[in-house]
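A short worksheet on the structure shown next.
The values are calculated or read from the model by the stated rules, or taken from the named source; none is laboratory data. Everything numeric in this text was worked out from a predicted model, so none of it was measured. FYI the Cβ positions are ideal-geometry reconstructions off the backbone, even for glycines, and counts take in every protein chain you see. Calculation scope for accessible area: heavy atoms of the full protein, side chains included, ligands and nucleic acids excluded. Shrake-Rupley method; radii C 1.70, N 1.55, O 1.52, S 1.80 Å.
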Amino acid sequence: MEDTMTDTPPATPAAHGGPAGSALLRVEAADFRVDEIMTVVPDGEGEHLWVDIEKTHWNTEDVALWLAKQAGVHRLAVGYSGLKDRRAVTRQWFSLHLPGKPDPDFEAAEGLVIHQAVRHRRKLNRGTHRGNAFQLRLRRVEADRDRLAATLAAVAGQGVPNYFGEQRFGRDGANWTRGRAWLLGGEAPRKRTLRNFWLSAVRSGLFNAVLAERVRDGVWNRLLEGDLLRPDGSRGLFPAGEDDTAAARVAAGEVHPTAPLPGRAGMASSAACQRLEQRVLAPHEALITALAELGLDAERRVTRLVVTGLEWDWAGDTLELALRLPTGAFATSVLAELLTTTTP
């Protein structure tokens, strides 16, 4: 079947009535601050040097390359838990594998601050941190403040659709566009990193399309017959039909519905959930077949993003937000429920 999706990533309808106005985002890097929430603490011994770095106008991969050069090791000897934005002030841990080697003398670099460097027995792997704390500054806000306050309260109480943010799709959706073109018979990327970015963008777009349909149907945060559910904070899955109290547990936030990240056949939904997913994904059978042939296994991602610690304050026409999100979530997906943002 011919793929009919457009060259732009799928639309992501809002769940709480749409943005209440507009604002400027990231006028300065400090307007978007992210700090990793870590539960693993380096113990002071071992072959790996864990480095706590605050970076401004650097992306995560560039910092990893800089660290490898500073230490005189291969890039693969550097680990990190998650990718962080370039146009922001972000603080995160990296690790360097230095068996039998002393700690490097790091040279000063503009935009990088090393807060501490501590030895540990293990490499820092992807997904080790448990979440991120955000401090966001939105400038020149033009909005109905009463409506915005109501939306903020709804977000704090109900969460938001767990869309992949625009960062996942590259500038102007380029990763999405090129990834689709490749999978539908076009030229493959030469670099492995590009391959991974493009594949991730395509799967993320397909997930967003399914979630968007659940938002339109009003079931992004409610039980749908045949759902595959994930307990809060877990990676496990179970069919909703195995639990007579599933609807109540979803309503209470104990478990969450999920939607597919397509690939090779895995645990499948059923009944109404399966019909919704098939309705959305059927026109993209060629993309899904290509993903499977490349060896990607189907996965599931929760459809509801729980926002914790949400606080806000006004300073004239500037709105300051503080919030915490779990690993893999996008603050821009929260902001999209509140305001239409533009980055100058």
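Identify, please: which residue in the stretch 60-70 is of a type in the set (A, V, I, L, M, F, W, C) and open to solvent by 20 Å² or more (accessible area, probe 1.4 Å) and is, among those, nearest to Gly328 (Cα to Cα)?
So the residue we want is Leu65.
Going by the structure shown, is Val41 surrounded by fewer than 18 Cβ atoms within 10 Å (Cβ to Cβ), under 22 Å from Leu321 (Cβ atoms) and among the β-branched types (Val, Ile, Thr)?
The answer is no for Val41.
Just to be sure before I move on: is Arg87 touching a His at 6+ places or on another chain (Cβ under 8 Å), outside any strand (DSSP E or B) and open to solvent by 40 Å² or more (accessible area, probe 1.4 Å) in the structure I sent?
yes
So which residues in the stretch 90-121 are open to solvent by less than 20 Å² (accessible area, probe 1.4 Å), under 29 Å from Asp31 (Cβ atoms) and either touching an Asp or Glu at 6+ places or on another chain (Cβ under 6 Å) or of a type outside the set (Ser, Thr, Tyr) (or both), if there are any at all?
The answer is Gln92, Phe94.
Quick check, is Thr39 out of contact with any Lys or Arg (no Cβ under 8 Å at 6 or more places or on another chain), part of a loop (DSSP other than H, G, I, E, B), polar (S, T, N, Q) and at negative phi?
Criteria not met by Thr39.
Taking the criterion of being open to solvent by less than 20 Å² (accessible area, probe 1.4 Å) and out of contact with any strand residue (DSSP E or B) (no Cβ under 7 Å at 6 or more places or on another chain), would at least one residue in the stretch 221-231 satisfy it?
yes
From Ser234, Ser269, which residue is assigned to a loop (DSSP other than H, G, I, E, B), open to solvent by less than 20 Å² (accessible area, probe 1.4 Å) and of a type in the set (S, T, N, Q)? Lay out the reasoning, then the answer.
Values: Ser234 fails: open to solvent by less than 20 Å² (accessible area, probe 1.4 Å).
One residue alone meets the criteria, Ser269.
Please name all residue pairs, on different chains or six or more residues apart, with Cβ atoms under 7 Å, provided the first residue is in the stretch 161-173 and is aromatic (Phe, Trp, Tyr) and the second residue is open to solvent by 70 Å² or more (accessible area, probe 1.4 Å).
none
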